[in-house]
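Trainee: This is the structure, below, for whatever I ask next.
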Amino acid sequence: MTEIRTPTEDEREQIGSVMSISLNFGQAWAERRAPTFRLEQFLVAVDDGRVVATSAARPFLQWFGGRTLPMTWVYAVATLPEHRGGGLASELVTRLMRRGREEGALISALYPAAVRPYRSIGYEIAGTYTDHRIAISDLPQGPAPLRVEEYRTGDLDDVRAVFREVMSTQNGPIYSELEDWWTERILATREPDVLFRVAVVRGENGAIEGFCPFRYGKGGGGDFDFAFGIETAHLVARSEAALRSLLAYFRGFRGLGESLQWSGPPADPIALLIEEQKIRTAWTFHWMLRLLDVPGALEGRGYPPVSGSLDLMLRDPAFEEDDGATYHLEAESGKVRASRVERAASAVASIGTFSSIFTGFTSPADAVRVGALQADGAAVEFLSALFAGPPPWLPEWF
Ligand SMILES: CC(C)(COP(=O)(O)OP(=O)(O)OC[C@H]1O[C@@H](n2cnc3c(N)ncnc32)[C@H](O)[C@@H]1OP(=O)(O)O)[C@@H](O)C(=O)NCCC(=O)NCCS
């Protein structure tokens, strides 16, 4: 019989093995990482005394419309090849969703290696991860307006404050106050033998204006086999001077340093500082999201100063108690109240489609055009105004 539960200490190795077999992470990865798994975040399926499927979720905050929503991020979803197709992954993730909801998460998100298992439990494509790349020789010339220095431990609070200031103007970035997220994930690398540094930009008064944790990646060939490309997930600057300073700092790597690659919004404003169209998309991938608590998520995010109202019915394949529920949305100058009502709705969608509209990824007019939203012109206009904003994106890949 298959049992679903939180794993025990002596199952670390088995979790590592299921993940490395399913996700092609390799044996060395499993051995290195197994002792660091946060077991309380995991749910596993155990069959005949062996772990055959894994899943995990950890809490974050995620910005939408200038406010953060409690979110549960699903990861480590893997089923051994011999146990696939029996519904284990769906069952595990559905239980993680319920657990997240009980703990106060209003939304849940994940990176899908395959879309179908998640779409069938209410997630939909709802945001973008994008790696941009430019040749270092194409970075702007000239000196850095501000000082760029190596990060010191005492800078953590200032770095987090700059991150919050910049990301709160965006839709989609995630945030965690948990120390390990910053000290082990953002400001350090867990990969062995990778050269890694963190640069900070200091303003006139010594305050931090920007930062960039980066690694030396592979170069593109050429004369030297020790040539490299700079890779970063966080090229974060709160002012033009700070951004120009980081770009000037990286221009100083030219020669052996061939390229700068960073993850940013799909339409990255860095392009405005580059003389020609030299930024290329190196890689892009979508993340999925679903609302776990519809009224809570609607009331929790920020909006433009829009007024109007709508009755919306949502189909939910995962939460039986919510399937087919109608919600009344009332917006007054960007303040939204949402409640369940018992009456016929004027707009209908799946929870997934509505989640994708909620993040600003899918426009309501497009959703109508592809048959994913049934709504009249007035409803489309209201929803379009409500969820207007910068396209949703995330800087981290994990
Ligand atoms: C993806 C994976 C976790 C699915 O595990 P599983 O236990 O077989 O999943 P389920 O049985 O719950 O399948 C749920 C649905 O997704 C579909 N599905 C499963 N694996 C799929 C895949 N690789 N591609 C497309 N659809 C898939 C199933 O057919 C099923 O659809 P249905 O409900 O319409 O019949 C498993 O195939 C796996 O470990 N793959 C390699 C690792 C990976 O890709 N993990 C996901 C990381 S985000």
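Trainee: For the subset of region 267-281 comprising residues that are surrounded by 12 or more Cβ atoms within 10 Å (Cβ to Cβ) and touching a His at 6+ places or on another chain (Cβ under 9 Å), which member is nearest to Glu396 (Cα to Cα)?
Mentor: Checked region 267-281; the qualifying residue nearest to Glu396 (Cα to Cα) is Asp268.
Trainee: Specify the residue that is farthest from the ligand (Cβ to nearest atom); the eligible residues are those in region 72-86 that are of a type outside the set (Ser, Thr, Tyr) and within 19 Å of the chain's Cα centre (by Cα).
Mentor: The qualifying residue farthest from the ligand (Cβ to nearest atom) is Trp73.
Here's the yes/no breakdown for (1) closer than 30 Å to Tyr175 by Cα; (2) surrounded by 14 or more Cβ atoms within 10 Å (Cβ to Cβ):
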{"residue": "Ala318", "(1), (2)": "yes, yes"}
{"residue": "Glu321", "(1), (2)": "no, no"}
{"residue": "Val336", "(1), (2)": "yes, yes"}
{"residue": "Arg343", "(1), (2)": "no, no"}
{"residue": "Ala347", "(1), (2)": "no, yes"}
{"residue": "Ser355", "(1), (2)": "yes, yes"}
{"residue": "Phe361", "(1), (2)": "yes, yes"}
{"residue": "Trp397", "(1), (2)": "yes, no"}
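Trainee: Tell me yes or no: at least one residue of region 192-213 is of a type outside the set (Phe, Trp, Tyr), assigned by TED's automatic domain parsing to the domain that holds Tyr249, out of contact with any strand residue (DSSP E or B) (no Cβ under 8 Å at 6 or more places or on another chain) and closer than 30 Å to Pro35 by Cβ.
Mentor: yes
Trainee: Let me ask something else about it. Return the pair list, or none, for Cβ contacts closer than 9 Å from residues in region 67-90 that are assigned by TED's automatic domain parsing to the domain that holds Ser176 to residues that are near the ligand (Cβ under 10 Å from one of its atoms) and in a strand (DSSP E or B), at least 6 apart or on different chains.
Mentor: As it stands, the answer is none, since no pair meets every condition given.
Trainee: Could we say that Glu13 is acidic (Asp, Glu) and farther than 26 Å from Ser176 by Cβ here?
Mentor: It is true that Glu13 is acidic (Asp, Glu) and farther than 26 Å from Ser176 by Cβ.
Trainee: Can you give me the number of residues within region 114-168 that are of a type in the set (D, E, K, R), assigned to a strand (DSSP E or B) and surrounded by fewer than 17 Cβ atoms within 10 Å (Cβ to Cβ)?
Mentor: Summing the residues that are of a type in the set (D, E, K, R), assigned to a strand (DSSP E or B) and surrounded by fewer than 17 Cβ atoms within 10 Å (Cβ to Cβ) in region 114-168 gives 3.
Trainee: Could you tell me which of the residues Gly172, Gly206, Gly229, Gly220 is outside any helix (DSSP H, G or I), at positive phi and touching a residue at least 12 places away in the same chain (Cβ under 8 Å)?
Mentor: Gly172
Trainee: Select, from Ser346, Ser307, the only residue that is at pLDDT below 95 and more than 28 Å from the chain's Cα centre (by Cα).
Mentor: Selected residue: Ser346, the only one of Ser346, Ser307 that is at pLDDT below 95 and more than 28 Å from the chain's Cα centre (by Cα).
Trainee: For region 87-112: of the residues being surrounded by fewer than 22 Cβ atoms within 10 Å (Cβ to Cβ) and outside any helix (DSSP H, G or I), which is farthest from the ligand (Cβ to nearest atom)?
Mentor: Filtering region 87-112 for residues that are surrounded by fewer than 22 Cβ atoms within 10 Å (Cβ to Cβ) and outside any helix (DSSP H, G or I), the one farthest from the ligand (Cβ to nearest atom) comes out as Gly104.
Trainee: Based on this model, can you work out whether Asp193 counts as of a type in the set (Asp, Glu), without any contact (Cβ under 8 Å) to a residue 40 or more places away in the chain and more than 25 Å from Thr68 (Cα to Cα)?
Mentor: yes
The values are calculated or read from the model by the stated rules, or taken from the named source; none is laboratory data. Bear in mind that the values here come from a model prediction, so they are computed numbers and not experimental data. No Cβ is skipped: glycine too gets one built from the backbone with ideal geometry, and neighbour counts run over all protein chains shown.
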